1. Can you tell me which residue is surrounded by the most Cβ atoms within 10 Å (Cβ to Cβ) among those in segment 156-170 that are closer than 25 Å to E88 by Cβ and modelled with pLDDT of 95 or more?
2. Filter segment 77-92 down to the residues that are in contact (Cβ under 8 Å) with a residue 60 or more places away in the chain and part of a strand (DSSP E or B), then identify the one that is surrounded by the fewest Cβ atoms within 10 Å (Cβ to Cβ).
3. Assigned to a strand (DSSP E or B) and under 24 Å from K164 (Cα atoms), is that true of K74?
4. Which one of these does K146 not meet: (1) surrounded by 16 or more Cβ atoms within 10 Å (Cβ to Cβ); (2) over 14 Å from the mean Cα position of the chain (by Cα)?
5. Out of E123, E113, E47, which single residue is closer than 23 Å to D171 by Cβ and acidic (D, E)?
6. Residues in segment 96-116: is at least one over 13 Å from the mean Cα position of the chain (by Cα), modelled with pLDDT under 95 and either over 19 Å from K52 (Cβ atoms) or assigned to a strand (DSSP E or B) (or both)?
7. Kindly provide the set of residues from segment 45-67 that are in contact (Cβ under 8 Å) with a residue 40 or more places away in the chain, in a strand (DSSP E or B) and either over 19 Å from F125 (Cβ atoms) or of a type outside the set (V, I, T) (or both), ordered by number.
Amino acid sequence: MNFNNPFKVMKSLMLVLIISLSVNSSAQNSNNEEKILYLGYGSNMSEEYMKKYAPSLEYVMNVQLPNYEIQFRKYSTNMKGGLSSIIEKPGGMVYAVLYWISKKEMEALDILEDVPLGIYKRETFQVLGEDGKWYAADLYRVTNPKGPYTPSKQYLDIMIAGAKEHKINADWIKRLEKARAKLD
């Protein structure tokens, strides 16, 4: 943790507090805790990565978000490259994962994703499930897209791991792997 930046220290401490409160209360209220459907399309496709921030995470199914595409429109100095966001594109398709996450953990993710700072926004989109039904799911996207940037190697590695874990569209995985190979 960078202790030279008091805002980042406070943000990290708030996130730890919210998650610990959520974990402690979820043990007591597991049957009646409100949950939110969440769409993971970037690094958040990886359950291993997501469970660090949302221990209540439950995989539901793979989904698609038509008429959008993933672009790397936010630069991360920590990951040394671009992070993904969804951008409107007629005929485009985003392959993603649908999860249940507790409402308290979604509020913690809002802090992690810098929603209070206006860097990302959480929005609800209609997504098509692999069962052929439509679902309303929350997702994060960059508020003011810049770039596009060259993707972060570390970020792409997490994204590919999540796509493989859930057996997302094989062509999409190949496309991600090809983009990652170009960075070596």
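The values are calculated or read from the model by the stated rules, or taken from the named source; none is laboratory data. Here the structure is a predicted model, which means the values were calculated and not measured. Because the Cβ atoms are built from the backbone with ideal geometry, glycine has one as well, and the counts that use them run over all protein chains shown.
1. This residue is M159.
2. The first filter runs over segment 77-92 and keeps only residues in contact (Cβ under 8 Å) with a residue 60 or more places away in the chain, leaving 79-85.
Of the ones still in play, those that are also part of a strand (DSSP E or B) are 81-85.
Details: G81: 19, G82: 21, L83: 22, S84: 25, S85: 24.
Step by step, filter segment 77-92, then rank; the result is G81.
3. Working: assigned to a strand (DSSP E or B): yes; under 24 Å from K164 (Cα atoms): yes.
Considered against the rule, which asks whether it is assigned to a strand (DSSP E or B) and under 24 Å from K164 (Cα atoms), K74 comes out as yes.
4. All conditions pass for K146, except number (1).
5. Numbers: E123 fails: closer than 23 Å to D171 by Cβ; E113 fails: closer than 23 Å to D171 by Cβ.
Step by step, each of E123, E113, E47 is checked, and only E47 is closer than 23 Å to D171 by Cβ and acidic (D, E).
6. The answer is yes; a qualifying residue exists.
7. Keep residues of segment 45-67 that are in contact (Cβ under 8 Å) with a residue 40 or more places away in the chain, which gives 45-50, 53-66.
Checking which are in a strand (DSSP E or B) leaves us with 58-66.
Scanning segment 45-67 gives E58, Y59, M61, N62, Q64, L65, P66.
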